[in-house]
Amino acid sequence: MSARLATDWKLFTPTVLILAFGLVMVYSASSVVAEVIYKKDTLDFATKQVLFAIVGVALMVGLKTIDYRRFNKPHWIFVPIGLVILLLIGVLFADPNAHRWYSLPGFKLQPSELAKPAVILFVAWFVARREGQRRDINGLYSLAPPALVVGSIAALVAIGDLGTAIILMVPAIAVFFVAGIERRYFYMTAALCVLITAGFIIHKPYRLFRFMPFFGITETTIAESPRLKWLAPIIAESGASRDPGYQPYQARLAVATGGLNGRGLGQGKQKLGYLPEAHNDFIFGAFAEEAGFTGCVLLIGGYLLIFWRGLHTFWRTTDRFGRYLALGIISLIITQALFNISVVIGLAPTKGIPLPLFSYGGSSLVCTLALFGLLFSVSDRAAEH
C-alpha cells in the first residue's frame, strides 16, 4: 500500500479558483436576462450551475482518488466510446432541429461533451498499447483505426456543433503528433480534416454567416464581387440573422469598456440584453467589462498555470497511458479556453464554444471537471513511476 498521495496544489488551486469565479460570473451575467427575457427567478441559471458544479466536483474528487491505470483496460475504453456513438446518433432524432441536446427533467444533456473524455481515453489507450506492442507506430496502419473512430465521432458531433467537433480533434492530433506518427500521414489527415470542415461550413448557411464578418465579407460585397457570387444562393437559404457582425461587435465593446480595472462586479451594461449569450459562450466579454484588463490577465494567467502544470505532469509521468492521457486533457482544455477568448476579442470567427469551468452549461461543466479529475489522478501519481 503506497503512502498518501500529495495533491498538486499548483494545478488544483487555479482550477478551483476559476470554477469559483465562474459561478459568480454566471450569476452576474444571467440574473437580469433570467428575469426579463426568460421570465424566471434571477437565481435560476446560477442555482443550476452551482448544482452542476457540486456534481462535477464530486466526480472530480472521486476520479482523483482512483488510480488512472485502472482505466487502461479495453472495457473502460470501448464501453464509453460505444455509448457516446449511440447517444450522438440518438440525438439526431431526439433533437431534430439543433441535433445537440436530450431534453431531460430539469436539464439538457449534450452528448458532444461526453465525447471529450471518451475520445481522450480512447486515443491515450490506443497509442500506449501500440507503443507497448511494437516500436514502429509511424505507419498508416497505426493511424487509421483511431483516426476512423475519432473522425466518426467528430462527424456525428459536427452535424449539430462544428466548433465542438473541431475541439474534439485537438487531443487526438496532439497525441499522435507527440507519439511520432509519420509526418506525411499526419499532414494528409490534417488536410483531409480541413476539407471536411470546409464542407460542413458550406453545407450550413448560418455557419457561413458567422465566418463572413471575420473576413470582412457582407451580402453587399458578395453581390458586387464576381468571385463571391457563388455564395449568394447558399446564404439566401439561411434564416439566420442578417447582421452576423452584431454579436462579435458587442463582445468587443464589452471588453473595450472594461478598461483597466472594470466597471465592478455586477455593474456591466452589455449583459443587459446587448450581448447575446453573456452567461454562456460570451461570458468572457461580460467578465472583461466588470473585471477589466487586470481581471482578464489573472484569468488567462490561471489557464496558463493549468497548462504549465499539465505539461509538467506529461513530462514527469513515465507510464505511456498516463502521459498521453495528461497530454490529451490539457491540450483540449487549453485549446478550448484560447478559442473561446479569441472569439470574444475578435481573433477567431464566431462559434459557440464554452469557456472551461467558467461558462454556464451543465454537461460542459461536469465533463470538464471529470477531465480534471483524471488529470489530478495522473499528476498525483507521477512521482510513483
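The values are calculated or read from the model by the stated rules, or taken from the named source; none is laboratory data. In this text the structure is predicted, and so the values were computed from the model without any measurement. With ideal geometry, Cβ positions are generated from the backbone for all residues, glycine too; neighbour counts draw on all protein chains shown.
Some notes on this structure:
- For GLY82: the one exception among (1) closer than 30 Å to PHE126 by Cα; (2) small (Gly, Ala, Ser); (3) touching a strand residue (DSSP E or B) at 6+ places or on another chain (Cβ under 9 Å): (3)
- Qualifying residue in segment 66-75 (condition: modelled with pLDDT under 90 and of a type in the set (S, T, N, Q)): no
- Any hit, segment 20-42, residues being more than 20 Å from PRO276 (Cα to Cα), free of Cβ contacts under 8 Å to residues at least 24 places away in the same chain and assigned to a helix (DSSP H, G or I): yes
- Checking LEU83, LEU92 one by one, the residue that is in contact with a His (Cβ under 6 Å, 6 or more places away or on another chain) and surrounded by fewer than 17 Cβ atoms within 10 Å (Cβ to Cβ) is LEU92 and no other.
- Residue satisfying condition, being exposed (fewer than 12 other Cβ atoms within 10 Å of the Cβ) and modelled with pLDDT of 80 or more, within set LEU253, LEU260, LEU168: LEU260
- Single residue of LEU311, LEU371, LEU357 found to be over 22 Å from MET212 (Cα atoms), of a type in the set (A, V, I, L, M) and assigned to a loop (DSSP other than H, G, I, E, B): LEU357
- Residue selection: LEU195 satisfies the criterion of being part of a helix (DSSP H, G or I), within 23 Å of the chain's Cα centre (by Cα) and closer than 26 Å to PRO233 by Cα.
- Among the residues making up segment 254-278, those that are under 24 Å from the mean Cα position of the chain (by Cα) and within 17 Å of SER342 (Cα to Cα) are ALA254, VAL255, LEU275, PRO276, GLU277, ALA278.
- Count - residues of segment 315-341 that are over 18 Å from the mean Cα position of the chain (by Cα), under 19 Å from PHE12 (Cβ atoms) and crowded, with 23+ Cβ neighbours inside 10 Å: 2
- Among residues of segment 263-300 being of a type in the set (Phe, Trp, Tyr) and without any contact (Cβ under 8 Å) to a residue 60 or more places away in the chain, the one that is surrounded by the most Cβ atoms within 10 Å (Cβ to Cβ) is TYR274.
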